[in-house]
Amino acid sequence: MQIAAISNPHDVLWVGSPGTGRALAARISDERPPTVPTTSRKVLIVVGSANAVSHKQCDLVEKVSGITVLRASIARTKDSSGTLHRLVQAAISALETEEYGSVIATGGDTMEAILDGLGIHCFKLSGEVEAGFPVGLSSHGGRPLILAMKAGGFGTADTLANAAKHLIKFKEPTV
């Protein structure tokens with residue numbers, strides 16, 4: 001109720017619980033989505049989480065055409081920061097090929113490291129792929145880049161596959 005009363009939600013730094021996220025998404029979902037003139041529909045999925053749910057989702061999504069999956073081992077290691085660093089470097093290298101128009105990251109540390117590595121410091125939240133799975137828009141190297149992030153243990157077996165298919169089919173809104 002209080003979020004709905006805020007006249008310009010884009011001018012607010014949002015911090016809070018999933019309930020706040022749902023309320024914010026509902027508040028901005030009535031706004032016209034921004035135009036995203038992406039040149040590629042390929043999706044890169046980067047899973048830095050060791051959560052078994054994410055890895056089961058990866059097993060299913062790896063069968064979908066147009067999607068590349070990079071993932072850390074499900075086994076936790078003593079060098080988790082080194083593992084994350086190597087995974088993120090592989091993701092950055094892939095994204096710099098200009099082959100991908102979208103990246104989905106599983107785990108907040110993973111998305112943060114990718115954004116830092118690409119020098120992306122802001123993005124525009126545009127909604128949710130599904131409840132609790134935000135999607136936004138940014139740019140890298142003068143090209144638009146669609147960003148989506150989910151928590152490691154979030155979703156059903158087909159959550160990642162559905163999200164990637166959604167981003168592959170993403171259409172530019174008409175003016």
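Give all pairs with beta carbons closer than 9 Å in which a residue from the stretch 150-166 that is under 10 Å from Glu130 (Cα atoms) and without any contact (Cβ under 8 Å) to a residue 40 or more places away in the chain meets a residue that is of a type in the set (Lys, Arg) and assigned to a loop (DSSP other than H, G, I, E, B); count only pairs at least 6 apart in sequence or on separate chains.
Filtered contacts from the stretch 150-166: no entries.
Restricting to the stretch 33-44, name every residue that is of a type outside the set (A, V, I, L, M) and at pLDDT below 75.
Correct list: Pro33, Pro34, Thr35, Pro37, Thr38, Thr39, Ser40, Arg41.
Give me the pairs, please: first residue somewhere in the stretch 41-61 and surrounded by fewer than 18 Cβ atoms within 10 Å (Cβ to Cβ), second residue anywhere and of a type in the set (Lys, Arg) and assigned to a loop (DSSP other than H, G, I, E, B), beta-carbon distance under 9 Å, and either six or more positions apart or on two chains.
Sorted first by the residue in the stretch 41-61, then by its partner, the pairs are Arg41/Lys169.
Quick one: which strands (runs of 3 or more DSSP E) lie wholly within the stretch 63-149 and hold at least 3 residues that are out of contact with any Pro (no Cβ under 9 Å at 6 or more places or on another chain) and under 22 Å from Ala52 (Cβ atoms)?
Here the list reads 67-71, 100-106.
In the stretch 45-62, is there at least one residue being assigned to a helix (DSSP H, G or I), assigned by TED's automatic domain parsing to the domain that holds Phe154 and modelled with pLDDT under 80?
no
Output the number of the condition that Gly132 fails; it satisfies all remaining conditions of (1) without any contact (Cβ under 8 Å) to a residue 24 or more places away in the chain; (2) on the phi > 0 side of the Ramachandran plot.
(1)
Of these, Ala72, Ala94, which one is assigned by TED's automatic domain parsing to the domain that holds Ala113, in contact with a Ser or Thr (Cβ under 9 Å, 6 or more places away or on another chain), surrounded by 12 or more Cβ atoms within 10 Å (Cβ to Cβ) and modelled with pLDDT of 90 or more?
Testing whether each residue is assigned by TED's automatic domain parsing to the domain that holds Ala113, in contact with a Ser or Thr (Cβ under 9 Å, 6 or more places away or on another chain), surrounded by 12 or more Cβ atoms within 10 Å (Cβ to Cβ) and modelled with pLDDT of 90 or more leaves just Ala94.
So, of the residues in the stretch 116-133 that are touching a strand residue (DSSP E or B) at 6+ places or on another chain (Cβ under 8 Å) and under 24 Å from Ile74 (Cβ atoms), which turns out to be surrounded by the fewest Cβ atoms within 10 Å (Cβ to Cβ)?
For the stretch 116-133, the residue satisfying everything is Gly132.
Considering (1) β-branched (Val, Ile, Thr); (2) under 14 Å from the mean Cα position of the chain (by Cα); (3) more than 27 Å from Asp11 (Cβ to Cβ), say which one Val135 fails and leave the rest.
(3)
Scanning the stretch 141-167 for residues that are farther than 19 Å from Gly108 by Cα and not aliphatic (A, V, I, L, M), which turns out surrounded by the fewest Cβ atoms within 10 Å (Cβ to Cβ)?
Once the filter is applied, the top-ranked residue is Gly142.
One line per residue, one yes/no per condition, for (1) among the β-branched types (Val, Ile, Thr); (2) in contact with a Gly (Cβ under 6 Å, 6 or more places away or on another chain):
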residue	(1), (2)
Glu62	no, no
Ser80	no, no
His85	no, no
Val88	yes, yes
Tyr100	no, no
Ile104	yes, no
Leu118	no, no
Leu145	no, no
Lys165	no, no
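The values are calculated or read from the model by the stated rules, or taken from the named source; none is laboratory data. Fair warning: this is a prediction, and the values are worked out from it, not measured in the lab. Note that each Cβ is placed from the backbone with ideal geometry, even for glycine, and that neighbours are counted across all protein chains shown.
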